[in-house]
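Inspection log for the structure reproduced underneath, given as C-alpha cells.
The values are calculated or read from the model by the stated rules, or taken from the named source; none is laboratory data. These numbers were taken from a predicted model, which means no experiment stands behind them. Cβ coordinates were reconstructed from backbone atoms using ideal geometry, including for glycine residues, and neighbour counts include every protein chain displayed.
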Amino acid sequence: MALLSVITGRLSQAFLLIFVMSLVGFIGIHSVGNPVYNVVNIETATPEEIRRATILLGLDQPVWRQYLVFVQNVATGTFGTSYIYHQPAFGLVLDKLSATFELALFAMLVATVLGLGLGVLAGTRPGSPLDRVIVTSSVYALSVPSFWLSMMLILVGAVMTGWFPPGGRGLTANLLGFDWSFLTSDGLRHLVLPVLALAIPNIALIARLARAGTVEVERMEFTRFCVAKGLSRRRILFHHTLPNISLPIVTIVGLQFGGMLAFAVVVESIFAWPGVGKLLIDSIQLLDRPVVMATLTFTAIAFVALNTLVDLVYVVLDPRVRIST
Amino acid sequence: MKIGKHVRPIAFGAGAILMGLFSVAPADVVAQELRIATSYKLMTLDPHFANLNETNSLLSQIYERLVYQDEKLEMKPSLATSWRRLSETRWEFKLRENVKFHNGAAFTSADVVHSIDRIQNLLKPPSGGYQSYVKGIKSVSAPDALTVTFETNGSLPSLPLFLSSIFIVSKQASGFLTTEQLNGGTPPPNGTGPYTFKNWRSGESFEVVRNDDYWGGRPSWSDVTFRIIENPAARVAALSTGDVDIADFIPARDVPSLKQRGATVANISAARLNFVQFDVANDQAPGVTDKAGKSIPNPFRDVKVRRALAMAVDRNVIVDKILSGFGTAAAQVFPNGLPGTSANLVTEPPRYPEAKALLAEAGYPNGFNVVLAGPAGRYPGDLESLQAIAQSWARIGVGVQPLAVPFSVFNTKRAAGEYGIWYGGGSGESADILVSALLGTANSQGDRGSLNYGKYSNPAFDEMLGKAQGIEVGPERYGAIATATEFVLRDQPIIPLYHFDHVFGYGKKVATYTMHPRGWTTAMQAAPSTEAK
C-alpha cells in the first residue's frame, strides 16, 4: 500500500514536472536564436535556401503550433527528428545513455565506498590526526572546480605518466543491446580518469556527511548502552551506527547520481566522453531543439525515478517511515 | 598547461619506455593504423545532405567527386579525366576507366547522372547547400559509359568548380536511397574512394579501412579512425599523449608545448576572411550614437568614415599578438596568391592622424560611439579582435563597446538587422564566390549577396563581377575578378582583417601532412613516415 501510494504520487509529480519543464525548455531554446542558421552553411547559403530549410523544419509556424507538434512527437515516442543529425532525437539520447550510465555508476560506487569508509573512519576518531587530514582534504576536494580537477587528472594521469588515455571511450563491447566500456580492458583504462574526476568531489561530500553522522550517533545513549552491554565495536558500527547515518547518505547518493546522469557536462566534454551531458551541451549550442527536449525529459524522468527509489529505500531502512505511512 | 622543469625528464623517460614497448610489436600492423582527432562532427552519412565542411571532409574518404580542388584551389581530374566545353551551354566530361565502387559495381556515366538527379529531384532542404551547385544544370546525359554531357541554363564557366563539391554515388536499381536509409547504414555507404566504410557513431567516431582496389593505387593506411573531439584542449591532450597521430585545428597558444613534446605542426593560410562589416543601407545604424549617447544618422553611409575606420585598424597586432603569428593580415577576401586575388591589394600599417583628419572631414571631429558585435569562440581570435579594434579606434575618437555573443545568437540578430557594425567570417570555394556573397547586390537568383548583411550595393561592381564570372576559368578570369575586387574595395564596404591559419599537429607516424586552405581533414593528406612502413 505504501509502495503504491509512493509510486502514484511520484508519477503525477513526474508528469507535472515534465510538462512545466518542456514548456520552459521549449520557450527558452526558441528565444535564444534560430536553429536554421546551424542547419545550412551560413557562410554560403542563399536566402532562398534558408527560407526553404525554415519551412522544412517547421520553424515558420507560430510557437504554440510548434509546441503542439512537439507534444505529438513525444506521444509517438520519437521526440521529433534532430535538426542536425536528421535522426529521431530519442534514439540519439538512448545511444549516449550507456556511456553516461556506466560513468555515473562507477563514479558513484567509488564515491560511496570510499566516502563512507573515510567518513566512518574519521567519525569514530574525532580530533585525531587522521580525522583532521580527512576533513581538511575534503574541503579542498569540494572546492576545486571540476574542469580544473579534470585538467589536472589528464596532466598527471595521461600527459606526464602516460598511465591512462586522456579521453574517449576506448573499445566497447555489446551487452543487452548497448555498448559498454567496462567490459573491455581498454575501455576500463579509459574509464579511470573521468570516473575519478566525477568521484573525487563526491567522496568528499559523502565522507563529510558520514563523519558528521557517526560523531553524532556515537554520542547517543543507545550507542553508549551498546558499549556498556559489551557489544563489539564492529557489531555496533554495522548494526547500529551505519543504519542510523544511512538516510542522509542515501539521499545525497540519489541526488548526486541523478546529477551525474544529466549534467556531467564538464567532465564529459573535457574527457571527450560521448555521454548525455555532452550531447545536451552540443545540442544547446547548435540549438537542436528536439534533442535538447529529449535530453531534458530524460533528465526529469531520471531524477523523479531516483527520488522515488530513494524514498523506497527509506521505507526499507527506517522503520519509522513504515509506521507513518 | 605547463609542466615544471623537474618533471619533464620523468615524462620523457616514461615516453621512451613506452616507445620501447611499441617497437616490439609488429611494426607493419601498428604503423598503418592512423588515428585522427578531429573537430569535425560528422552529422550524416548522406553525402548530399548538407554542404558543411564537417560532413564533406570526413565523407571524402569514401566518396569522390568528378573534379578535385587541390591545395592551390586549382581544378584537378578525379573521377573525370578531362572536360571541355562543347558550346556556350554544353560540357563534356570524360570519365576515368576501371573505377569500381566499394560493392564491386563499375563506375559509369549512369552513376553521375544518378547523383545529379538525386540532388535535383530527391532531396529537400536543408540539403539545400548542394542544390545551388546543380541549379545551373538543365540536363545531364550519358552518350556512352564513360562520357557525360551537361546542358546548362545559360553560360556556366564555373561548372567544374561546382562539380568539385558533388560526391558521386552509385546508381541503385531500386531507385534513390533516402537519407534515413544511408544514416541507418543499410546498405553501407558505397563510394569509389580510397577507404571503405567500417563504422560510425554520431558525434563520437568514424572508422574506415583501406580500399585495396582503389584506382589511384594502394592507399597508405590500413585502418583510419577519426575521433570527434570538439574541445581543442582535449585534441591537444590526445596528440601530446600519442593517443592520436593527427589533431586538427590546434589553438595557436598550444603550438609551442606540442612542438616541445615532439609533435610536428603544419599550417596554411585559410581560404577565408574575417572582416568588419557595416550597415550601409539604413538611415540609422543600431548601436551608433554620438559621444553624448544620442542617436545619430548612420555614419557608415559615408565612404570617408569607412576609410577612416579601416585606416585605424592595426592588423599586425591581431596577427602577431592575438593569433601568435598563425594568420595573415588581410587586404582582400582570400590570401594573396590564390586564384582571383590581386597582388596590388596589400595591407598598410595604421595611420591614426590621417584617419582622424578624414573622420573630421566627414563631419565627426569628435568621433562617435558604436556597439561592435561579433560571435564568441567561433573563429580563432574573434573575441580578442573586437577588443583590439576597440583600442585602435579609441585613438581616433571612436568609442567601441565590444559585444560578443554565441554564434547562433549572433546569426539570428544579424539577420534581423539588430547590429549596425559587426565582425564576421566568410568562406567560399573560390575568391569570386566569396566576394560576390559579401559585396554583391542580392538578386532574385539568390547567388549573390548571401553574406551582404550590410546591404551594400554597387551596380558598377556587380556588372564587373558578372562579366568576370562569365569568362572561362583561367588567368583572364582570375585577373578580371582581381580587378573587380580592387575596384569595390576602394569603396571600403568592409574592412578585411585577417585570414587565420589552419593549424594541424601530427606525431611520428606521419611524415608530412598536406594542408588544404579549405581546412580539410583526411587520411589522404597524411603521408606515412618511411621508418613506420
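Worth a mention:
- Subset of the stretch B:263-274 [under 27 Å from B:GLY424 (Cβ atoms) and within 14 Å of another protein chain (Cβ to nearest Cβ)]: B:ALA270, B:ALA271, B:ARG272, B:LEU273, B:ASN274
- Total residues in the stretch B:364-390, condition in contact (Cβ under 8 Å) with a residue 60 or more places away in the chain and farther than 14 Å from B:PHE407 by Cβ: 13
- Candidates are the residues of the stretch B:288-305 that are surrounded by 20 or more Cβ atoms within 10 Å (Cβ to Cβ) and touching a strand residue (DSSP E or B) at 6+ places or on another chain (Cβ under 7 Å); the one that is nearest to B:SER529 (Cα to Cα) is B:PHE300.
- The lone exception for A:GLY28 - which of (1) within 14 Å of chain B (Cβ to nearest Cβ); (2) surrounded by 12 or more Cβ atoms within 10 Å (Cβ to Cβ); (3) more than 24 Å from the chain's Cα centre (by Cα) it fails: (3)
- The one condition in (1) within 11 Å of another protein chain (Cβ to nearest Cβ); (2) out of contact with any Phe, Trp or Tyr (no Cβ under 7 Å at 6 or more places or on another chain) that B:THR179 fails to fulfil: (2)
- Close Cβ contacts (under 6 Å, 6 or more residues apart or on different chains) running from residues in the stretch A:82-98 that are within 16 Å of A:LEU176 (Cα to Cα) and within 9 Å of chain B (Cβ to nearest Cβ) to residues that are at pLDDT below 85 and assigned to a helix (DSSP H, G or I) are absent.
- A single member of B:ASN190, B:ASN199 is within 14 Å of chain A (Cβ to nearest Cβ) and not hydrophobic (A, V, I, L, M, F, W, C), and it is B:ASN199.
- Residue in the stretch A:52-61 that is more than 30 Å from B:SER436 (Cβ to Cβ) and either more than 11 Å from chain B (Cβ to nearest Cβ) or surrounded by fewer than 17 Cβ atoms within 10 Å (Cβ to Cβ) (or both) present: yes
- Top-ranked residue of the stretch B:441-464 - restricted to ones that are crowded, with 24+ Cβ neighbours inside 10 Å and within 22 Å of B:SER165 (Cβ to Cβ), ranked as farthest from the other protein chains (Cβ to nearest Cβ): B:LEU451
- Selection count where residues are touching a residue at least 60 places away in the same chain (Cβ under 8 Å) and not β-branched (Val, Ile, Thr), scope the stretch B:81-92: 6
- Filtered residue count, the stretch A:31-49, keeping only those that are farther than 17 Å from A:TYR83 by Cα and under 39 Å from the mean Cα position of the chain (by Cα): 1
- For A:THR78, the conditions (1) part of a helix (DSSP H, G or I); (2) surrounded by fewer than 19 Cβ atoms within 10 Å (Cβ to Cβ); (3) not aromatic (Phe, Trp, Tyr) are fulfilled apart from (1).
- Qualifying residue in the stretch B:363-374 (condition: assigned by the TED database to the domain that holds B:VAL473, over 18 Å from B:LYS304 (Cα atoms) and of a type outside the set (Gly, Ala, Ser)): yes
- Within the stretch B:222-262, being closer than 22 Å to A:MET160 by Cβ, more than 7 Å from chain A (Cβ to nearest Cβ), small (Gly, Ala, Ser) and more than 24 Å from the chain's Cα centre (by Cα) holds for B:GLY242, B:SER257, B:GLY262.
- For the stretch A:145-187, the tally of residues that are within 30 Å of B:GLN260 (Cα to Cα), away from chain B (no Cβ under 13 Å) and surrounded by 15 or more Cβ atoms within 10 Å (Cβ to Cβ) stands at 3.
- Index of the failed condition, B:GLY428 passing every other in (1) within 27 Å of B:PRO349 (Cβ to Cβ); (2) touching a residue at least 60 places away in the same chain (Cβ under 8 Å); (3) crowded, with 22+ Cβ neighbours inside 10 Å: (1)
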